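Notes to accompany the following structure.
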Amino acid sequence: MNRTVLRGVLLSSLTFAACVDPPDLGDASQGAGIGSGDRGNGRAWMGTLADTFAGTANGRGYSTDLIATTGEAFDVVANPAAPGDGTCLKATINGTLQTCAASAFIGKVLVGTGGKWLRIDDARTYPSAYSSDDVTGYKLSYGSSASGPWTPLCTNGRLAYPLKGELNTNGAINLSRQRLTFACTEYRIDAATNTVVFDNPLGSGTLGKVAGWGYVAGTSYTWGANHSTISGAELQALASRAAQADYCYTGGKGTLDGSTLGVGDFVDGNAVPDATGPIVSPIATGTPVPWDQVWVEAVWARASHAELSDGSSNDVGVPACLSKLRWSTFPVGDRCNGRLRDPRIAHPDGVNGVYCEDWSLDVVYSSNTGVLVTSSKFNDLSLNTWVNSNGDTYTTTIGAVGRGPATHIVPQTGYSPTPSNTAAMLGTILTPAGAQVIQNNPAYPAAAMPTVHLVSCAKTANPGAGEKVTTTSTTVPAGFANCVEEGLIWSAAPPASLLADLGVSAATKLFRYYRSTAPRDYLTTTAATAPNGYGNKLLLGYILPPRG
């Protein structure tokens, strides 16, 4: 393994977790992140169409028979030009073994699940965007009979990779099922030049993406300091979970389409960058999180894989750790039915969760703790309320709640969470990066992104007292200045389609109140009723509620 210090630029996910994780607003640029920043994440396993086909067996994804309607037996073989960096079809046609981009494949039809047939319309070999190797993809159409009519399987005419086996909707890949699964990629054939080009990742499948990265079922690798054997199928499933921020390994989708991801791993000899060096947190007293930089988000542990007697399969596991910044976007509490322990809680049995920052990546490697590492530029940040001894409140994205007073990263000296660790979090707000991800996705109407800037400003008189107001940039009261950008909030309630992808049913209103009697204070909160002693209610906008 070539273990070099990596620096990367990444854009990432929107990730909000639960046992089936709602998306948070993910993460990209240069910070203490891992990877080159050219990885795309998303919400679909195979592609936005194939993931939604009706008629497949419960818990299973769309797949096809190995036998074409004209009798040829198809299979998947590792691309001979790039073993472990893509897969090819193979079949004997008219007595001759055909592989990869053979023109003899064009027009062949495979019977799929749910009463949908799949036709191969084109086959192309082209340079990978992630390595110096060539890979092969297929342009496919589906129809309701063996003769059509035909509709493109992948959005925008993208190509697909063939994968051996069948996908379970919990994210596990069942290799014992004699099936073919096709996953849409980020590549398409350009109509003007008739050449394959790298395209926007919107609508493609994470299984297709990670196959292009070099995680392919049917191959075998070694990983970690012990160089233990791990199958390509395991890596493919694990990388797909990482690309979807599926923290509970249950098939949950914790990301929004259109973000990108930075990936490093501890796998020997593949095209993915090695993960090494320290893990640095951007959370610090008095300092906003640099949303235009990337930070380690999670270390992904190997899952326990089982193929079950009913023909399905299952993966059990959780990440080895989440970073302080990722935990800060979740309300305090264990996740994944207690399997992922929150480091902010002192557990009665003494077995407490850990932050990724508690380790270095070299320790993760030497201890065989994790297989993959993801980094991201966070697109949402936690909005928390803090209070000082004078009764002044401070609502901000700066700082983070810890396990107790000694472990809180306070936004400003003298402040502590209020009214308790679990109640300090109001929700999350967008960073400019997160807003851009949503704006770039045509699946969301223009009404998804009417936003205003949320700022926190200091009182100009007696600034040493630390009095703050958090409000929109157009409603800063007289006597406050030196404002710091907190992020973006919606000025109108976001549409249901966006909220559904974010894992919530409704956005939360954010209000500002004023207490005119001593100690005077501006309070920014989600409470719809004025707290005791406060008045002058002002609706600032809408934020996302705590998810989980």
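Listed values, structure above:
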{"item": "Test: Pro411 is part of a loop (DSSP other than H, G, I, E, B) and surrounded by fewer than 14 Cβ atoms within 10 Å (Cβ to Cβ)", "result": "no"}
{"item": "Those residues of the stretch 299-315 which are more than 12 Å from Leu372 (Cα to Cα) and not in a strand (DSSP E or B), in sequence order", "result": "Leu308, Ser309, Asp310, Gly311, Ser312"}
{"item": "Candidate set from the stretch 520-540 (those that are assigned to a strand (DSSP E or B) and over 36 Å from the mean Cα position of the chain (by Cα)); member that is surrounded by the most Cβ atoms within 10 Å (Cβ to Cβ)", "result": "Asp521"}
{"item": "Residue within the stretch 265-277 that is assigned to a strand (DSSP E or B) and within 19 Å of the chain's Cα centre (by Cα) present", "result": "yes"}
{"item": "Unique match (being outside any strand (DSSP E or B) and at pLDDT 95 or above) among Val318, Val332", "result": "Val318"}
{"item": "Among residues of the stretch 126-145, those that are closer than 18 Å to Ala271 by Cα and not acidic (Asp, Glu), counted", "result": "9"}
{"item": "Pair list, Cβ < 9 Å and 6+ apart or interchain, from the stretch 172-200 residues that are farther than 30 Å from Ser309 by Cβ and assigned by TED's automatic domain parsing to the domain that holds Val111 to residues that are among the small types (Gly, Ala, Ser) and assigned to a loop (DSSP other than H, G, I, E, B)", "result": "Cys184/Ala44; Cys184/Gly203; Cys184/Gly205; Thr185/Gly205; Glu186/Ala129; Tyr187/Ala129; Phe198/Ala129; Asn200/Gly258"}
{"item": "Candidate set from the stretch 39-62 (those that are of a type outside the set (A, V, I, L, M, F, W, C) and in contact with a Leu (Cβ under 6 Å, 6 or more places away or on another chain)); member that is farthest from Thr99 (Cα to Cα)", "result": "Asn41"}
{"item": "Residue list for the stretch 204-240, filter: of a type outside the set (A, V, I, L, M, F, W, C), part of a helix (DSSP H, G or I), under 30 Å from Asn441 (Cα atoms) and in contact with a strand residue (DSSP E or B) (Cβ under 7 Å, 6 or more places away or on another chain)", "result": "Gly208, Lys209, Gly212, Gln236"}
{"item": "Tally, over the stretch 245-302, of residues that are polar (S, T, N, Q) and crowded, with 24+ Cβ neighbours inside 10 Å", "result": "3"}
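The values are calculated or read from the model by the stated rules, or taken from the named source; none is laboratory data. Keep in mind that this is a model prediction, so the values were computed, not measured. Please note: Cβ atoms are built from the backbone with ideal geometry, for glycine as well, and neighbour counts cover all protein chains shown.
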